[in-house]
1. Taking region 467-485 on its own, how many of its residues are exposed (fewer than 14 other Cβ atoms within 10 Å of the Cβ) and either in contact (Cβ under 8 Å) with a residue 60 or more places away in the chain or of a type in the set (D, E) (or both)?
2. I'd like to verify a number: residues in region 115-147 that are among the acidic types (D, E), part of a loop (DSSP other than H, G, I, E, B) and over 16 Å from V158 (Cα atoms), how many?
3. Anything in region 148-174 that is part of a helix (DSSP H, G or I) and farther than 30 Å from L193 by Cβ? List them, or say none.
4. Which residues, counting only those in region 253-271, are in a loop (DSSP other than H, G, I, E, B), modelled with pLDDT under 85 and touching an Asp or Glu at 6+ places or on another chain (Cβ under 9 Å)?
5. Pairs under 6 Å by beta carbon, first residue assigned by TED's automatic domain parsing to the domain that holds I89 and in contact (Cβ under 8 Å) with a residue 60 or more places away in the chain in region 135-152, partner surrounded by 17 or more Cβ atoms within 10 Å (Cβ to Cβ) and not in a strand (DSSP E or B), six or more apart or different chains?
6. Would you check which residues across region 276-303 are among the small types (G, A, S) and in a strand (DSSP E or B) and list them?
7. Inspect region 194-206 for any residue being touching a residue at least 60 places away in the same chain (Cβ under 8 Å) and part of a loop (DSSP other than H, G, I, E, B) and give the result as yes or no.
8. Can you pull out the residues in region 260-293 that are crowded, with 19+ Cβ neighbours inside 10 Å and over 30 Å from S525 (Cα atoms)?
Amino acid sequence: MKKQDMIELLTGVRSSKQNYYTELKTTVEELKKRNSQLEIMNEVMRSFNINMSVQEMLENTLKKLQSIYPIKRVSLALFDGYELRLSYIFPEDSFYLKKETSFPKEHSLYNDVFVTGRERIYQQDDDSDFFEKEAFQHLHLHSVFLFPLTSRGKIIGVLSLGSLVPFSYDEKDQAFFLHLAGQIAVCVENARLYEEVFASKQQWEETFRAVSDAILVISPNGTVLSKNDAASSWPLDSHGDIRPFIKEAARSSRNPFEETIKFKKPHYAELRLQNKFYDCSCYPLFVEDSTLHAVILYIKDVTEKRQMEAQLLHSGQLAAIGEMAAGVAHELNNPLTAIIGNTQLLLRMNDINEKIRPLLDDIDLCGKRCRTIIRSLLAFSRQEEFSFKPCSLNQSVEEALSLTRRQIEKQNIQLDINLSSSLPLINGNLQQLSQVAVNLLINAKDALQDVKGRKRKIIVETKSDHHSAFLTVTDNGTGIAPEIINDIFHPFFTTKAANSGTGLGLPVSFGIAKSHGGRLLVESSNSYQTTFTLAIPLLSERL
């Protein structure tokens with residue numbers, strides 16, 4: 001033995017050095033362990049900050065734990081307000097009890113930790129009976145540590161750490177695991193709140209988009225901040241400013257948007273744009289300091305409602321006038337029959353003064369005209385009975401053309417006829433339908449009377465779909481002014497010269513269409529075209 005070795009052996013210097021290195025190594029290992037624990041804590045907090053899912057957070061936590069502890073499985077059981085349920089597991093295939101399994105309130109380690117708030121340890125040699133024991137044995141877990149998840153002083157669940165080898169921990173490890181459980185509890189609770197807020201936000205957005213009426217959130221300067229799907233078709237300028245549109249649509253009333261900005265109170269107005277009617281409600285939206293942040297526009301298309309209201313009003317007018325017309329017609333019919341009959345008897349006399357004959361002819365002509373008016377009044381008031389049977393709109397058009405074609409062509413008006421060869425039958429009265437066709441053709445002819453400088457034309461067409469047969473009569477005349485288009489079906493309303501029309505043709509036609517379960521529609525898109533459409537349900541639709 002060397003002299004130096006002998007001295008170190010006798011003085012114990014070598015032993016002191018070994019102890020020193022051993023203690024130093026232990027200290028270094030302990031520092032590494034604490035650093036790893038801090039990294040795990042930071043990872044848990046970072047997972048929450050980047051909105052990582054709870055499942056991903058568990059995965060990252062387990063990987064970090066495995067660098068310092070022999071842990072192979074981690075799970076979370078969360079309280080759903082009624083029961084404690086197995087909610088998250090990692091690895092995801094390391095389960096015996098299925099996810100969402102509820103733990104019983106008795107003989108359960110998980111539920112005991114949840115109720116008492118104290119951690120529990122399971123070792124493989126534990127001979128006590130409890131709900132989770134079979135699952136632990138099936139998963140070959142030698143050690144399982146259960147810690148309460150506490151957030152804001154409230155226990156929300158249980159953290160489980162499982163090891164495949166026998167394992168225990170000291171007080172420092174216990175403090176770390178409890179701290180880790182607390183951080184995980186905070187993250188889980190915040191994730192729950194985030195999911196609730198996100199779900200609520202998503203539900204609100206889906207509801208916002210699904211509303212069939214237009215909803216827009218507008219800044220005070222008119223910029224659209226958000227809008228639902230129904231509002232996507234609304235016209236805006238190139239800068240997304242809705243104010244020009246509101247100003248244009250509200251020409252006939254106060255601007256509800258400007259009124260809301262000015263008075264900071266809800267305002268309502270009816271808007272009209274492109275022959276459509278809209279109910280527009282504006283509501284101010286304030287921030288916390290009562291500053292106007294935006295205006296909510298709720299716009300509902302009420303065109304159909306207005307049309308139904310007008311139709312009801314029109315029907316009421318027709319009913320009232322119909323009763324009056326029936327009474328007048330009956331009162332006039334008898335004396336008129338006598339006038340016409342006596343006039344015709346006088347005209348047949350051979351010894352009649354030739355100077356008087358023109359006067360009698362005039363009386364006879366006027367009497368017949370009055371009779372025509374009375375018949376129209378009776379038809380309008382539905383006092384005449386008509387039978388319905390299967391027939392074709394084509395036949396009614398042909399009968400109408402036989403009466404009117406000569407008058408139309410005599411005025412050099414081009415007549416284009418396009419009758420469908422496969423037009424289905426309808427259930428109707430041929431005489432009444434022919435009367436409608438005659439009225440429409442005569443109106444089209446009269447609309448072309450003053451047209452000059454272009455070829456005058458009337459287009460007659462029949463067609464069908466799965467529900468109705470249609471007759472359309474189109475002329476390229478002077479059109480119908482928008483301000484009177486709603487009046488043309490009113491009795492005695494006419495734009496023709498005196499003695500040229502009774503104002504009963506369209507009201508009678510409208511009534512006939514209605515009595516057949518159909519409709520009579522008009523469209524005048526510009527100054528040179530008007531189209532009347534008679535729609536009658538198919539025979540198959542009325543059986």
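The values are calculated or read from the model by the stated rules, or taken from the named source; none is laboratory data. Everything numeric here is computed off the predicted structure, so don't read it as measured data. Cβ: placed from backbone, ideal geometry, glycine included. Neighbour counts: every protein chain shown.
1. 3
2. Matching residues across region 115-147 total 4.
3. Passing the criteria: E171, K172, D173.
4. Passing the criteria: only S253.
5. What qualifies is L149/A181; L149/A185.
6. Once the filter is applied, which keeps residues that are among the small types (G, A, S) and in a strand (DSSP E or B), region 276-303 yields S281, A294.
7. no
8. Within region 260-293, T260, I261, H267, C282 qualify.
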